[in-house]
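J.: The following block contains the structure, expressed as structure tokens.
The values are calculated or read from the model by the stated rules, or taken from the named source; none is laboratory data. Note that the coordinates shown come from a computational prediction; the quantities given were computed from them, not determined experimentally. Reconstructed Cβ throughout: ideal geometry from the backbone, glycine too, with neighbour counts over all protein chains shown. With ligands, DNA and RNA removed, areas are computed over all heavy atoms of the protein, side chains included. Shrake-Rupley method; radii C 1.70, N 1.55, O 1.52, S 1.80 Å.
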Amino acid sequence: MALVVAVVGMPGCGKGELAAVVSAAGLPVFSMGDMIRAEVESRGLEGDPMVFGRVAQELRDEFGYGVLAERLAPLVDAATKEHPLVMIEGMRGTDERDVFLEHWKDGFRVVAIVADADVRFRRISSRGRAEDGDRLSFDARDQRESTWGVSELMVLADWTLDNSSDLDTFKNVSETWLKTVLPSD
């Protein structure tokens, strides 16, 4: 049975960097953030920090806080048939975790990535995504995601990876973590 691992963390903590390590190992990664970016594009909206946050909240308000997880689960199921580990990058809320736990039970785990807010803001300031914005937008996004349950998810995670250092150090931490969690044959 494949293991499904969701990555949780505040904006700019390194979720995408861990996902890149997993992807480079030949394992599938599904991005919940990409789902929001696709929704913004399908609505024909210009992407900025307020638009991405608004669309994410609108989806949750209209369809429930587990909507992205419910939409993503069948895609992940298909990937679990061919891979020992499948990653979900960017789980944001406890309702999403509940959907995943119900769906995969013991085959589901969570990894949290932690980094200081100032470090995270410096990182997102240089990555150039439309949803990032200035420090005020960053702080508002942190607050919004906390209300969805990100902080609680981080506390309850099965593993916690520290990304307070440089990129090479975090890549090494990520590769070591992956080796320890890959299901053995």
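J.: Counting only residues that are under 18 Å from the mean Cα position of the chain (by Cα) and of a type in the set (Gly, Ala, Ser), which one in the stretch 150-172 is surrounded by the most Cβ atoms within 10 Å (Cβ to Cβ)?
T.: Looking at the filtered set, the residue picked out is 157.
J.: Still on this structure: Taking the stretch 66-81, which residues are aliphatic (A, V, I, L, M) and more than 25 Å from residue 148 (Cα to Cα)?
T.: Once the filter is applied, which keeps residues that are aliphatic (A, V, I, L, M) and more than 25 Å from residue 148 (Cα to Cα), the stretch 66-81 yields 78, 79.
J.: A further question follows. Between a residue in the stretch 72-93 that is at positive phi and any residue that is surrounded by 14 or more Cβ atoms within 10 Å (Cβ to Cβ), which pairs come within a Cβ distance under 7 Å, given they are 6 or more apart or on different chains?
T.: 90/7; 90/15; 90/31; 90/32; 90/33
J.: Continuing with the same structure: For the stretch 139-185, give me the residue count where each residue is modelled with pLDDT under 90, among the small types (Gly, Ala, Ser) and in contact with a helix residue (DSSP H, G or I) (Cβ under 8 Å, 6 or more places away or on another chain).
T.: Qualifying residue count, the stretch 139-185: 2.
J.: If you don't mind, another one. Give the stretch 138-155 a look and list any residue that's aromatic (Phe, Trp, Tyr) and within 15 Å of residue 33 (Cα to Cα), or say none.
T.: Across the stretch 138-155, the qualifying residue is only 148.
J.: Go through the residues of the stretch 108-120 one by one and say whether even a single one is of a type in the set (Asp, Glu), at pLDDT below 95, open to solvent by 60 Å² or more (accessible area, probe 1.4 Å) and farther than 21 Å from residue 148 by Cβ.
T.: Yes, that holds for at least one residue.
J.: Given the conditions (1) within 22 Å of residue 40 (Cα to Cα); (2) in contact with a helix residue (DSSP H, G or I) (Cβ under 7 Å, 6 or more places away or on another chain); (3) without any contact (Cβ under 8 Å) to a residue 40 or more places away in the chain, which single one is not true for residue 99?
T.: Unmet condition: (1).
J.: Let me ask you something else. Does residue 104 fit the bill of being within 24 Å of residue 21 (Cα to Cα), touching a strand residue (DSSP E or B) at 6+ places or on another chain (Cβ under 7 Å) and loosely packed, with under 15 Cβ neighbours inside 10 Å?
T.: In short, no.
J.: Give, as residue ranges, the helices (runs of 4 or more DSSP H) completely inside the stretch 15-98 that count at least 2 residues that are closer than 21 Å to residue 152 by Cβ, among the hydrophobic types (A, V, I, L, M, F, W, C) and open to solvent by less than 30 Å² (accessible area, probe 1.4 Å).
T.: On the way: elements: 15-24, 32-42, 49-63, 67-80.
The helices (runs of 4 or more DSSP H) meeting that bar are 32-42, 49-63, 67-80.
J.: Continuing with the same structure: Checking residue 134 against (1) in contact with a helix residue (DSSP H, G or I) (Cβ under 9 Å, 6 or more places away or on another chain); (2) open to solvent by less than 40 Å² (accessible area, probe 1.4 Å); (3) farther than 22 Å from residue 61 by Cα, only one condition comes out false. Which one?
T.: (2)
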